[in-house]
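Take a look at the structure below.
The values are calculated or read from the model by the stated rules, or taken from the named source; none is laboratory data. Just so we're clear, the structure is a prediction, and the values are computed from it rather than from any experiment. Quick reminder, even Gly has a Cβ in these numbers, built from the backbone with ideal geometry, and neighbours come from all protein chains shown.
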Amino acid sequence: MIKEIQEAAETRMKKSVETLSHNLAKLRTGRAHPSLLESILVPYYGTPTPLNQIATVNVEDARTLSISPWEKSMVQPIDKAIRSSDLGLNPATAGTVIRIPLPPLTEERRKELVRHVRNDAEEARVAVRNIRRDSNGEIKQLLKGKTITEDDERRGEEAIQKLTDRIISEIDKLVTAKEAELMQI
C-alpha cells in the first residue's frame, strides 16, 4: 500500500520537474533556439495552430531564427503572431522566409528573467510539497483505517520526505544552471 503511494508521489513530483524544465526551455537566453517560438499560436484557417505545425523553424546563427512557412499565404499571419506575442521580437520578412534577429539581453532584462526563473522554481517546489502533503495524508488514512502500523506510517513518511528532498534538489540544480546561462554574456 505504502509502496504504491510512494510511486504515485514520485511520478507526480517528476511531472512537476518536467513542467519546470519545459518552462525554463522557453525562456530566452542570449542564444537563438526554436523552442522560443513554441508558445506562439498562428490563426490557420480560423484555428489557432502552433507555429511549428505550419512552418519550419531553424537556427541560422547564434542570434537569428528563420521561419519557412509551408504555405506562402501564411507569411503575414506568422509575422503578425510573432509581433503580437509577449516575446518582444521584431521579425523581418524576406519573400517566403521570416528572419527573427534576437537582440542581446540587457542587464535589466537578464535580472528580470532570473526573477521569473526563481518564481517558476518556487511554484514547482510548492507543487512538490503539496504532493508530499497529499501522500502523507493518504498514509495517515491507512493508519486510521488500521491497515498499517505506526512504524509503517513513520517509515512511509520518511521515504516521502527523502523523495521530496531529492526532487527539490533537482529543481534547485535546474534553476542554478538556468540562472548561470541567463547571466552569461
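Of the residues making up the range 154-184, those that are farther than 16 Å from R125 by Cα, over 24 Å from the mean Cα position of the chain (by Cα) and buried (at least 18 other Cβ atoms within 10 Å of the Cβ) number 2.
Exactly one residue out of V114, V128, V97 is within 30 Å of L36 (Cα to Cα), of a type in the set (A, V, I, L, M, F, W, C) and free of Cβ contacts under 8 Å to residues at least 40 places away in the same chain: that is V97.
Note on the range 81-92: residues that are surrounded by 15 or more Cβ atoms within 10 Å (Cβ to Cβ) and not in a helix (DSSP H, G or I) amount to 4.
Considering (1) at pLDDT below 90; (2) aliphatic (A, V, I, L, M); (3) more than 30 Å from P77 (Cα to Cα); (4) assigned to a helix (DSSP H, G or I), the lone condition that L174 does not fulfil carries the number (1).
For the list (1) in contact with a Leu (Cβ under 6 Å, 6 or more places away or on another chain); (2) assigned to a strand (DSSP E or B), I need the number of the one condition that I98 fails. That leaves (1) as the condition not met.
Residues that are surrounded by 13 or more Cβ atoms within 10 Å (Cβ to Cβ) and of a type in the set (A, V, I, L, M) within the range 49-80 comprise L51, I54, A55, V57, V59, L65, I67, M74, V75, I78, listed in sequence order. Quick one: would you say R155 is closer than 25 Å to L24 by Cβ, at pLDDT 90 or above, assigned to a helix (DSSP H, G or I) and not hydrophobic (A, V, I, L, M, F, W, C)? In short, no.
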